[in-house]
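Each reported figure results from applying straightforward, stated rules to the coordinates on display, with no laboratory input. Computed from a predicted model, the values in this text were never measured in an experiment.
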Amino acid sequence: MNAAVESLHDRDAQLQAFEACTLPPAQFSHRLHLSFGWQYLQRYGFPAGAGAFCERLRAYVTAVGAAAKYHETITWAYLALMNEERVLRSTPGESFDSMILRRPDLLDHRSGALAQCYSLDQLDVDAARRVFVLPRAS
């Protein structure tokens, strides 16, 4: 099996483990988190894919004892940014790996794409964790 096919097989197995809430938390990197969101957007579109992904993510973090880490605003903001890429700049069926080459700023969760939309103060409030809030001018 070549490396590209093996990588796709691994990612499919990881997605299945995520959906079954059996993926080890140590494997759930920011990159993998985004790639799962991308797959949901590719499969179901927006907003259905975003809603389905958020539902699965909440179930996963609850199952692994990390429910307090779920952040509604950050999750929806990344999904909206990826959907913008998917609709406006991607070719149909584009892989996550291909898209992220064009948008590496999505991988930088400290000073990347999200930091261009939100200040840390806007994200570091309980309300933003519980419900999606729009960015405010600083």
If you average the sequence gap of Cα pairs under 8 Å that are 6 or more apart and divide by the length of the range 52-123, what percent do you get for the contact order? 24
37 °C / 0.692 mPa s Stokes-Einstein diffusion coefficient of the chain, Kirkwood radius on C-alpha pairs, µm²/s: 210
For the range 87-99, in order, what is each residue's ³J(HN,Hα) by Karplus, 6.51 cos²θ - 1.76 cosθ + 1.60 with θ = phi - 60°, in whole Hz (x at glycine and Pro)? 7, 8, 10, 9, 8, x, x, 4, 6, 4, 4, 5, 4
Express in whole angstrom the spacing between the alpha-carbon centres of the range 44-110 and the range 111-138. 16
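Per residue, what volume in Å³ does the convex hull of the Cα atoms of the range 62-138 enclose?
Values: hull volume 9.1 nm³, N = 77.
It comes to 118 Å³ per residue, whole-number rounded.
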Whole-Hz couplings from phi, Karplus 6.51/-1.76/1.60, listed for the range 100-116; x for Gly and Pro: 6, 4, 7, 10, x, 5, 5, 7, 8, 7, 9, 9, x, 4, 5, 5, 6
Which whole-number percent is the relative contact order of the range 3-130 (Cα, under 8 Å, 6+ apart)? 24
